[in-house]
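J.: One structure, as structure tokens, below. Some questions next.
The values are calculated or read from the model by the stated rules, or taken from the named source; none is laboratory data. Because the structure is predicted, anything quoted here is derived from the model rather than measured. Here the Cβ is made from the backbone with ideal geometry for all residues, glycine too, and neighbour counts use every protein chain on show. Remember, those area values only see protein heavy atoms, side chains included, never the ligands or the DNA or RNA. Shrake-Rupley method; radii C 1.70, N 1.55, O 1.52, S 1.80 Å.
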Amino acid sequence: MIDLRSDTVTQPTVAMRDAMARARLGDDVYGEDPTVAALEERAAQLMGVEAALFMPSGTMGNQVAIACHTRPGHEVVVEAGSHVLNVEMSTMARFSGVLPRVIAGQGGVFTADQLEAVIHPDVYYLAPTKLVCMESSHNAAGGRIWPPDGMLQVAERARARGIAVHLDGARILNVQVATGIPVRQLVHGLDSVMFCLSKGLGCPVGSLLCGSRDFIREARAVRKALGGGMRQAGVLAAAGLYALDHNIERLAEDHENASILARGLSEIPGASVWPQETNIVVLEISGRLGAPELCRRLARNGVLASPAAAGTHPRRIRFVTHLDVSRDAVLRTVDLIARELRPSAV
Ligand code: TLP
């Protein structure tokens with residue numbers, strides 16, 4: 001099987017499993033797991049912030065950040081296609097009691113002026129705008145990178161209005177590798193950043209929430225309240241340390257494979273491809289065959305891909321490259337799709 005549904009499907013390598021098996025462990029709820037502590041310190045250094053907290057998932061990382069930056073009744077500014085808005089099961093309403101204020105961005109990105117336009121003035125009868133969330137790379141926009149200058153401008157405008165800034169940086173290390181800009185520079189000046197180990201970095205589980213020491217102290221309590229206190233979690237953190245040592249630079253291969261895939265698909269009649277910047281490729285198909293049917297046909301031939309945006313768009317398919325997908329697998333995928341979309345086949 002060639003599994004292009006997501007970069008979450010990667011299997012830990014033998015070397016990663018070996019690092020996990022050798023990890024020194026303790027009870028992290030007591031603050032006694034040395035491997036978790038080492039990972040958190042490493043993540044904080046990488047992001048250029050004071051502290052970090054190991055999270056079971058990216059969703060929990062984002063939602064704990066929202067809970068810490070807001071109080072019930074506040075508004076959170078998000079982009080229309082963002083993961084926090086669309087794929088986290090309304091958790092910001094469920095757990096934090098906040099309302100999303102949605103901006104329709106372009107390619108997942110909005111401007112400082114668009115932000116300014118939705119910030120409520122400070123009057124008692126309007127909900128206070130307290131947080132803005134950005135996402136880079138942007139999943140639903142096809143792995144698009146939020147241009148670093150634009151991100152800085154949004155953050156500065158937010159800060160000038162007393163609004164905190166959180167980055168859903170599930171794939172921010174893909175952005176570092178694609179742009180060549182060190183991640184600590186990309187996230188400079190933000191109040192919190194979540195990044196995932198369980199995506200292109202190849203870990204079985206885990207994300208990190210990063211920010212100031214005070215923010216992380218509060219986040220630790222909220223994580224525990226949500227049931228996210230983990231015990232001998234060093235066995236998972238060891239995978240994270242291994243990934244930060246070995247799997248960042250190799251993301252360039254995933255980007256290269258995604259670009260080969262994008263180029264190959266764009267040459268197929270009846271297919272068009274969104275601009276590809278990192279490890280996600282979105283294909284749009286015209287003709288009689290819809291995305292669900294094409295995915296079924298691909299699966300029968302050993303290639304897994306997902307209808308994009310959880311199937312809400314019937315003609316879009318998302319492909320994600322990762323460390324278990326070779327160049328050869330990508331070339332075979334292009335050939336298969338070309339065959340399936342041949343006018344005589346559809
Ligand atoms: N994304 C998953 C699915 O939920 C769509 C995927 O296959 O891409 N932020 C972003 C930008 C994400 O893409 C994801 C996961 C998350 C947060 C949540 O991470 P997890 O799955 O660890 O809760």
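J.: Taking all protein chains as present, what is the carbon and sulfur share of the accessible area of segment 262-346, in % to the nearest whole number, probe 1.4 Å?
T.: On the way: 2070 of 4040 Å².
Answer for segment 262-346 is 51 percent, counting heavy atoms of protein chains only.
J.: Further question: When all alpha-carbon pairs of the chain are counted, what percent fall beyond 35 Å?
T.: Values: 14348 of 59685 pairs.
When all Cα pairs of the chain are counted, 24 percent exceed 35 Å.
J.: Report ³J(HN,Hα) in whole Hz for each residue of segment 325-339, in order, from the Karplus equation J = 6.51 cos²θ - 1.76 cosθ + 1.60 where θ = phi - 60°; Gly and Pro get x.
T.: 10, 8, 4, 4, 4, 5, 5, 5, 5, 4, 4, 5, 5, 4, 5
J.: Angle check, please: helix 213-225 long axis (alpha carbons) against the longest principal axis of the chain (alpha carbons), in degrees 0 to 90, nearest 10.
T.: Helix 213-225 and the main axis of the chain meet at about 70 degrees.
J.: If you count, for each residue, the other Cβ atoms within 10 Å and average over each peptide, how do 320-329, 192-201 line up from highest to lowest?
T.: On the way: 320-329: 19.2, 192-201: 27.7.
Taking the mean over residues of other Cβ atoms within 10 Å, the ranking is 192-201, 320-329.
J.: Within 10 Å, count the other beta carbons around each residue, average over each peptide in 118-129, 178-189, 142-153, and list them highest first. Before the final figure, lay out the partial values.
T.: Values: 118-129: 12.2, 178-189: 16.2, 142-153: 20.0.
Sorting 118-129, 178-189, 142-153 by mean packing, highest first, produces 142-153, 178-189, 118-129.
J.: Charges at C-beta only: +1 for Lys and Arg, -1 for Asp and Glu. How large is the resulting dipole of the chain about its Cα centre, in Debye rounded to 20? Provide the component values of the computation, followed by the final result.
T.: Numbers: 35 positive and 36 negative charges, 166 e Å.
In debye, rounded to 20, the chain gives about 800.
J.: Relative to the compact-globule scaling 2.2 N^0.38 Å, provide the ratio for the alpha-carbon radius of gyration of segment 250-340. Walk me through the intermediate numbers first.
T.: Details: Rg = 12.0 Å, N = 91, 2.2 N^0.38 = 12.2 Å.
Taking N as the residue count of segment 250-340, the ratio is 0.98.
J.: What do you reckon, how do 344, 306 stack up by accessible area (1.4 Å probe), largest on top?
T.: On the way: 344 105, 306 30 Å².
Descending accessible area places them as 344, 306.
J.: Tally the DSSP beta bridges in the chain and give the antiparallel ones as a percent, rounded to 5.
T.: Details: 22 of 40 bridges.
Antiparallel bridges: around 55 percent, rounded to the nearest 5.
J.: If you roll a 1.4 Å probe over the heavy atoms of the protein chains, what accessible area per residue do you get for segment 250-340, in Å²?
T.: Computed with neighbouring chains in place, this is 44 Å² per residue.
J.: Follow-up. Determine ³J(HN,Hα), in whole Hz, for all residues of segment 173-185 in sequence, where each value follows from phi through the Karplus function 6.51 cos²θ - 1.76 cosθ + 1.60 and θ = phi - 60°; x replaces Gly and Pro.
T.: Result, rounded to whole Hz: 6, 5, 5, 4, 5, 6, 9, x, 8, x, 4, 4, 6.
J.: Here's something else I'd like to know. Taking the mean number of other Cβ atoms within 10 Å as a proxy for protection, how do you rank 289-299, 272-282 from highest to lowest? Walk me through the numbers before you get to the answer.
T.: Working: 289-299: 16.8, 272-282: 22.6.
With the highest mean Cβ count within 10 Å placed first, the list reads 272-282, 289-299.
J.: Determine the share of segment 17-72's accessible area contributed by carbon and sulfur atoms, expressed in whole percent, with a 1.4 angstrom probe. Could the numbers behind the result be given before it?
T.: On the way: 1190 of 2460 Å².
Exposed carbon and sulfur together represent 48 percent of the surface.
J.: Here's something else I'd like to know. What list of ³J(HN,Hα) values in whole Hz, one per residue of segment 129-145 in order, does the Karplus curve 6.51 cos²θ - 1.76 cosθ + 1.60 (θ = phi - 60°) give from phi, with Gly and Pro shown as x?
T.: After applying 6.51 cos²θ - 1.76 cosθ + 1.60, I find 7, 10, 8, 10, 10, 10, 9, 8, 5, 8, 4, 5, 8, x, x, 6, 8 Hz.
J.: In addition: Show the residues, 5+ positions off or on another chain, whose built amide H is closer than 5 Å to the amide H of residue 165.
T.: Correct list: 132, 191, 192.
J.: Report, by chain and number, residues whose modeled amide H sits under 5 Å from the one on residue 3, excluding near sequence neighbours (fewer than 5 apart, same chain).
T.: 304
J.: Right, here's the next one. If you find the alpha carbon centre of segment 269-316 and of segment 35-65, how far apart are they in angstrom?
T.: 34 Å
J.: Any idea which of 34, 291, 163 is furthest toward the positive side of the dipole for the chain, if Lys and Arg beta-carbons carry +1 and Asp and Glu beta-carbons -1?
T.: Result: 291.
J.: When the expected Rg is taken as 2.2 N^0.38 Å, what fraction or multiple of it is the alpha-carbon Rg of segment 43-139?
T.: Details: Rg = 14.0 Å, N = 97, 2.2 N^0.38 = 12.5 Å.
The reported ratio for this selection is 1.12.
J.: Note the full-extension length gain between residue 185 and residue 17 as 0.36 nm times their separation in residues minus their Cα-Cα distance, in nm to one decimal.
T.: Gain on stretching residue 185 to residue 17: 57.3 nm.
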